[in-house]
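*Asks:* Mind looking over this structure? Questions follow.
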Amino acid sequence: SPMSKKIITCLFMIAAIHVPAKGESGILPGPRHAIQFSISAPSFVYPFDGQTISYLRKVNSNRVIRWGLDFLLSHSTTANKGNFKLLRINLKYRGLPHRLALFGGYGPLARFDYQHHETHGSGIAAENYQTKDFKGSLGLAGVIGIEWFFTPNLSLHVEYLTDLRGGYQKETTRYSYYEENGLDYHLERTAVSGWTLDLNYKTMFGLSVWF
């Protein structure tokens, strides 16, 4: 099933990081810090799902700690929505020929989702709807990818990122009905869901600037 494949992928990524590599040597460039810009792959790989800006700090010649902010914002005349995801991932690199390197890692994440939608009627009888949806979740993210260090200060990468997270969701719905003859009706309802689990994945590519 698709869920089983995702879980197997997560386990493979975690296991691959801990397999000892014989004769591995430093692959990371001399600079100790980097700013990384990433976007999700085009729709022929996976639907667009935001962009990420990250700060990387080199621990040694093969290990990096990455702090990232993943976000997606959209706006229309009837709806506003956005999500923000904070990640901290410990990455390990394995050197390949031609200034290439495999990398993988995992770490904690926190995500916040917000959505606001409303419609307004007009005429003799007007109906108005408004919904606000908020979700907060915590979880674990895993990543595996390949990076090309084409100069000492620049590198390109492509990665497969997956995360498993759980959280609570709150939804508020407001409905109003008004007629010109004076009839006025209002309804407001708030629902809070229990603990839910989500498993997500996407392909990312981007550029790192080392300094």
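The values are calculated or read from the model by the stated rules, or taken from the named source; none is laboratory data. On a predicted model such as this, the values are computed, not experimentally measured, just so you know. FYI the Cβ positions are ideal-geometry reconstructions off the backbone, even for glycines, and counts take in every protein chain you see. Areas reflect the complete protein model, heavy atoms only, side chains present, ligands, DNA and RNA absent. Shrake-Rupley method; radii C 1.70, N 1.55, O 1.52, S 1.80 Å.
*Asks:* Would you check if there is a residue in region 144-151 being in contact (Cβ under 8 Å) with a residue 60 or more places away in the chain and more than 16 Å from the chain's Cα centre (by Cα)?
*Replies:* Checked region 144-151: at least one residue is in contact (Cβ under 8 Å) with a residue 60 or more places away in the chain and more than 16 Å from the chain's Cα centre (by Cα).
*Asks:* Right, something else. Is there any pair with a first residue in region 21-50 that is small (Gly, Ala, Ser) and part of a loop (DSSP other than H, G, I, E, B) and a second that is loosely packed, with under 13 Cβ neighbours inside 10 Å and modelled with pLDDT of 85 or more whose Cβ atoms are under 7 Å apart and which are 6 or more apart or on different chains, and what are they?
*Replies:* GLY30/PRO152
*Asks:* Sticking with this one: Would you confirm, using the coordinates I've provided, whether TYR168 is open to solvent by 30 Å² or more (accessible area, probe 1.4 Å), over 30 Å from GLY30 (Cα atoms), within 17 Å of the chain's Cα centre (by Cα) and not charged (D, E, K, R)?
*Replies:* So TYR168 fails the test.
*Asks:* Within region 98-112, is there a residue that is in contact with a Ser or Thr (Cβ under 7 Å, 6 or more places away or on another chain), part of a strand (DSSP E or B) and among the aromatic types (Phe, Trp, Tyr)?
*Replies:* First, the residues of region 98-112 that are in contact with a Ser or Thr (Cβ under 7 Å, 6 or more places away or on another chain): 111.
From what's left, part of a strand (DSSP E or B): 111.
The next check asks that each one be among the aromatic types (Phe, Trp, Tyr); those that pass are none.
There is no residue in region 98-112 that is in contact with a Ser or Thr (Cβ under 7 Å, 6 or more places away or on another chain), part of a strand (DSSP E or B) and among the aromatic types (Phe, Trp, Tyr).
*Asks:* In this structure, does SER176 turn out to be in contact (Cβ under 8 Å) with a residue 40 or more places away in the chain, under 30 Å from SER38 (Cα atoms) and part of a strand (DSSP E or B)?
*Replies:* So SER176 fails the test.
*Asks:* Identify the residue in region 69-100 that is modelled with pLDDT under 90 and of a type in the set (Val, Ile, Thr) and, among all such residues, is surrounded by the most Cβ atoms within 10 Å (Cβ to Cβ).
*Replies:* THR78
*Asks:* Can we say PHE103 is open to solvent by less than 80 Å² (accessible area, probe 1.4 Å) and modelled with pLDDT of 90 or more?
*Replies:* yes
*Asks:* Here's another thing I want to ask about it. Does region 113-153 hold any residues that are polar (S, T, N, Q) and either open to solvent by less than 50 Å² (accessible area, probe 1.4 Å) or in a strand (DSSP E or B) (or both), and which are they?
*Replies:* Those that are polar (S, T, N, Q) and either open to solvent by less than 50 Å² (accessible area, probe 1.4 Å) or in a strand (DSSP E or B) (or both): GLN115, THR119, ASN128, GLN130, THR131, SER137, THR151.
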